[in-house]
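Written out below as structure tokens is the structure these notes cover.
Bear in mind that the values in this text are calculations on the coordinates, not laboratory data. Here the structure is a predicted model, which means the values were calculated and not measured. Cβ coordinates were reconstructed from backbone atoms using ideal geometry, including for glycine residues, and neighbour counts include every protein chain displayed.
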Amino acid sequence: MKKIIPRTKQILVLPDAEAPRENHAGILTPNNVEQEQKAIGTVEAVGAGIEDVKVGDKVIYGMYAGEDLSLTDEIGKETKYKILFDEDVLALIVED
């Protein structure tokens, strides 16, 4: 199996599936209507020098931040990732 190891100050994120967005009035809008869209994903790997984010954390980041990466495994299943710089992560999602 392939392993991706981010370089210093970079984070590999597996984005959550996109869902339709609902505004406060209950009206469904396509994802491209909002300008400042945010995305949520799970951290798969972190580069050296990153101390406050770890594998398994849920993070919020700008949808258009970072670089898209797509890998196909041995059985032909494609997985899409994001490689983000440390500063691209806007927040951690923490359960109480």
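Let me see the pair-distance distribution of segment 51-94: every alpha carbon pair, 5 Å bin width, integer percents in order.
For segment 51-94, the pair-distance distribution reads 5, 18, 26, 21, 15, 10, 5.
Assuming R0 = 22 Å, what is the FRET efficiency of Glu74 and Ala17, from their Cβ-Cβ distance, to the nearest 0.05?
Working from the Cβ atoms, E equals 0.45.
If the reach is capped at under 18 angstrom between alpha carbons, list the lysines near Lys3, excluding any in the same chain fewer than eight residues apart.
Lys54, Lys77, Lys80, Lys82
Where does each of Ile40, Ile83 land when they are ranked from fewest to most other beta-carbon atoms within 10 angstrom?
Final ranking by Cβ density, sparse to dense: Ile40, Ile83.
Ranking Asp68, Asp96, Asp88 by Cβ neighbours within 10 Å, fewest first, what do you get? Write out the running numbers ahead of the final one.
Numbers: Asp68 10, Asp96 2, Asp88 18.
In order of increasing Cβ crowding within 10 Å: Asp96, Asp68, Asp88.
Provide the net charge surrounding Gln10, with neighbours chosen by a C-beta distance below 15 Å and charges set as Lys +1, Arg +1, Asp -1, Glu -1. Before the final figure, lay out each step's value.
Values: positive: Lys3, Arg7, Lys9, Lys54, Lys82; negative: Glu44, Glu51, Asp52, Asp57, Glu67, Asp68, Asp86, Glu87, Asp88.
Here the count lands on -4.
What is the order of Lys3, Lys38, Lys58, fewest Cβ neighbours within 10 Å to most?
Least to most surrounded, the residues fall as Lys3, Lys38, Lys58.
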